[in-house]
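*Asks:* I have a structure here, written as structure tokens, and I will follow up with some questions on it.
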Amino acid sequence: MGKVTGFLEIDRQDRSYKPAGDRIRNHKEFVVPLEERNVEQQAARCMDCGIPFCHNGCPVNNQIPDWNDLVYNSDWEAASINLHSTNNFPEFTGRICPAPCEAACTLNIDDNPVTIKTIECAIVDKAWENGWITPQIPEKKTGKKVAIVGSGPAGMAAAQQLARVGHDVHVFEKNEVVGGLLRLGIPDFKMEKQIIDRRCEQMEAEGVTFHTGVHIGGDMPAKELVDNHDAVILTGGSETPRDLPVEGRELDGVHFAMNFLPQQNRRNAGRNWDGDGEPILASGKHVVVIGGGDTGSDCIGTSIRQGALSVTQLEIMPEPPEKEDKALSWPHWPLKMRTSSSQAEGAERDFSVTTTSIGGADGKVTHINCARVDEKFQPVADSAFELKADLVLLAMGFVHPIAEGMLAELDVELDARGNVKADMQAYKTNRDKVFTAGDMRRGQSLVVWAIREGRQAAHSVDKFLMGETELPR
Ligand SMILES: Cc1cc2nc3c(=O)[nH]c(=O)nc-3n(C[C@H](O)[C@H](O)[C@H](O)COP(=O)(O)OP(=O)(O)OC[C@H]3O[C@@H](n4cnc5c(N)ncnc54)[C@H](O)[C@@H]3O)c2cc1C
Ligand code: SF4
């Protein structure tokens, strides 16, 4: 523990945002980092609790009190080594993790947790700046060949772990670029994409080969992949979106969020916005986003940057309380009112609302018909209302992975929710030498959980291939 009385003397201070009026003019990141000395001060607030709840709250079990101490003592390089021992990509989580660690921090009991995520991000950003992050090339090759399907955070983490112990790792990605939802779902204003590119370069030097534009179960039969590799990990994500089966769903201007968001990320990268289909743009439109989660927020921020006339976000759940009941919730993730940076940029939000139908003219959406719902999500009598809409974005989450194609061909067993069935010890499917991790196994989740599952699946695969493993779980 760096400073015994730090938590008494130093107030919580976090990164700020550039003003909304400036940041919505482009698609770049807008979080303003703290000065180095301020980060060191913030790290001094850590109480090094006997039971560090933050460490358990973090899905990759980052050793938070340890690196807080190192940062307070200005040993940033050692902090980076420590951080990377549990998290392959802290620059991703330091930007986009919702930080369940901070909810679990003992100082959160009075709403002033250590700024863990900010410190994590500062450590890894500094490590990149100083050239401390270099390829960890294995001394010996094992001669074993592993295929990973899907290049999201789960696939990337598994690939990096397995390459570092000497396996010949091949990542197959159906899109033209590596990164999964990090690359094409999460907008650049939350995480710029050169951050993924430099990790890919590191991983290639470590022995990972990326094969982009290869759809397993489409371009290449899944059976061929299994036959040609000693082990296969399925990390294809949870890509089936929840639909809205109401009258008018087929109207022009009603789209899934994941048809809209990737186009903007591709535009930002100067690539073809989409291979086929029509450009979906919010410019000059009244936009209604249905769904109140992360994806919905990303649709809001992107629509505002494209020049939407208005953005309204509808959520079927009731408005959560302003403040959680700490005695009931801590150290767990609390249900409470949160306002994302995108929502703060100018979206109207409404709760306990269902969409009863979508209306249009000449085949195009013009409005949606809504009603208030009761606690059983049933429409309340005489509560109907109409909202003007030229673009409706469906952001109601994802139900399970795509069952057709690869999964059907491999005949892997699915669980009751339609995810690929495997436990969290072996990550093994019912099919010989086929493993799975990330959203494809656990269902729609978070980047930090995908990293954890990728690491743990790598541990299991290495043990399967070599009989033993030194990879951490
Ligand atoms: C819009 C949006 C915003 C989000 N924001 C956040 C956030 O701020 N913070 C957070 O923690 N989480 C966020 N999430 C969730 C997070 O992105 C996911 O939980 C995480 O990316 C899952 O990682 P994964 O590796 O399991 O799968 P994915 O990232 O989905 O990657 C799967 C990859 O597999 C590829 N693939 C699938 N099938 C095949 C096949 N047959 N052949 C070849 N390739 C295939 C896909 O093209 C994809 O690239 C967000 C999700 C969305 C949709
Ligand atoms: S990965 Fe997420 S939960 Fe873990 S320390 Fe970082 S911000 Fe906290």
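The values are calculated or read from the model by the stated rules, or taken from the named source; none is laboratory data. The model shown is predicted, which means the values in this text are computed figures rather than measured ones. Heads up, the Cβs are rebuilt from the backbone with ideal geometry, glycines too, and the neighbour counts pull from every protein chain shown. Note: accessible area is taken over every heavy atom of the protein model, side chains too, but ligands, DNA and RNA are not part of it. Shrake-Rupley method; radii C 1.70, N 1.55, O 1.52, S 1.80 Å.
*Asks:* Being away from ligand 1 (no atom under 14 Å from the Cβ) and not in a strand (DSSP E or B) is the filter; apply it to the range 143-155 and report the residue that is surrounded by the fewest Cβ atoms within 10 Å (Cβ to Cβ).
*Replies:* Our first condition is that a residue be away from ligand 1 (no atom under 14 Å from the Cβ); within the range 143-155, this holds for 143-146.
With the extra rule that they be not in a strand (DSSP E or B), the set shrinks to 143-144.
Details: GLY143: 10, LYS144: 19.
Applying the filter and picking the extreme gives GLY143.
*Asks:* Given SER340, SER352, which one is surrounded by 15 or more Cβ atoms within 10 Å (Cβ to Cβ) and free of Cβ contacts under 8 Å to residues at least 40 places away in the same chain?
*Replies:* Working: SER340 fails: free of Cβ contacts under 8 Å to residues at least 40 places away in the same chain.
Residue meeting the stated conditions: SER352.
*Asks:* Could you say which residue among GLU278, GLU247 is touching a residue at least 12 places away in the same chain (Cβ under 8 Å), over 13 Å from VAL392 (Cα atoms), surrounded by fewer than 17 Cβ atoms within 10 Å (Cβ to Cβ) and more than 20 Å from the chain's Cα centre (by Cα)? Please lay out each step first, then the result.
*Replies:* Details: GLU278 fails: touching a residue at least 12 places away in the same chain (Cβ under 8 Å).
Of the residues listed, the single one that is touching a residue at least 12 places away in the same chain (Cβ under 8 Å), over 13 Å from VAL392 (Cα atoms), surrounded by fewer than 17 Cβ atoms within 10 Å (Cβ to Cβ) and more than 20 Å from the chain's Cα centre (by Cα) is GLU247.
*Asks:* What single numbered condition from (1) more than 16 Å from ligand 2 (Cβ to nearest atom); (2) open to solvent by 10 Å² or more (accessible area, probe 1.4 Å) fails to hold for PRO187?
*Replies:* The single condition PRO187 does not satisfy is (2).
*Asks:* Also, quick follow-up: Suppose the filter is more than 16 Å from ligand 2 (Cβ to nearest atom) and in a helix (DSSP H, G or I); does ALA158 pass it?
*Replies:* On the way: more than 16 Å from ligand 2 (Cβ to nearest atom): yes; in a helix (DSSP H, G or I): yes.
So ALA158 passes the test.
*Asks:* Quick one: GLY291 ticks every box in (1) within 16 Å of ligand 1 (Cβ to nearest atom); (2) at negative phi bar one, so which box is it?
*Replies:* (2)
*Asks:* Quick check on the range 158-177: of everything there that is of a type in the set (A, V, I, L, M, F, W, C) and either farther than 24 Å from ASP227 by Cα or more than 8 Å from ligand 1 (Cβ to nearest atom) (or both), which residue is surrounded by the most Cβ atoms within 10 Å (Cβ to Cβ)? Walk me through it before giving the result.
*Replies:* Looking only at the range 158-177, we keep the residues that are of a type in the set (A, V, I, L, M, F, W, C), and these are 158-159, 162-163, 165, 169, 171-172, 177.
Filter once more, keeping what is either farther than 24 Å from ASP227 by Cα or more than 8 Å from ligand 1 (Cβ to nearest atom) (or both): 158-159, 162-163, 165, 169, 171, 177.
On the way: ALA158: 33, ALA159: 31, LEU162: 30, ALA163: 26, VAL165: 22, VAL169: 29, VAL171: 26, VAL177: 21.
For the range 158-177, the residue satisfying everything is ALA158.
*Asks:* Looking only at the range 208-239, count every residue that is away from ligand 1 (no atom under 11 Å from the Cβ), touching a residue at least 60 places away in the same chain (Cβ under 8 Å) and in contact with a strand residue (DSSP E or B) (Cβ under 6 Å, 6 or more places away or on another chain) and tell me the total.
*Replies:* 5
*Asks:* Check the range 74-85 and report whether any residue there is open to solvent by less than 10 Å² (accessible area, probe 1.4 Å) and near ligand 2 (Cβ under 9 Å from one of its atoms).
*Replies:* yes
*Asks:* Output the residues belonging to the range 93-107 that are surrounded by fewer than 23 Cβ atoms within 10 Å (Cβ to Cβ), in contact (Cβ under 8 Å) with a residue 40 or more places away in the chain and not charged (D, E, K, R).
*Replies:* ILE96, PRO98, PRO100, ALA103, ALA104, THR106, LEU107
*Asks:* Moving on. Residue under question is GLU129, and the condition is that it be among the acidic types (Asp, Glu) and either free of Cβ contacts under 8 Å to residues at least 24 places away in the same chain or near ligand 2 (Cβ under 9 Å from one of its atoms) (or both); does it hold? Walk me through it before giving the result.
*Replies:* Values: among the acidic types (Asp, Glu): yes; either free of Cβ contacts under 8 Å to residues at least 24 places away in the same chain or near ligand 2 (Cβ under 9 Å from one of its atoms) (or both): yes.
Yes: the conditions hold for GLU129.
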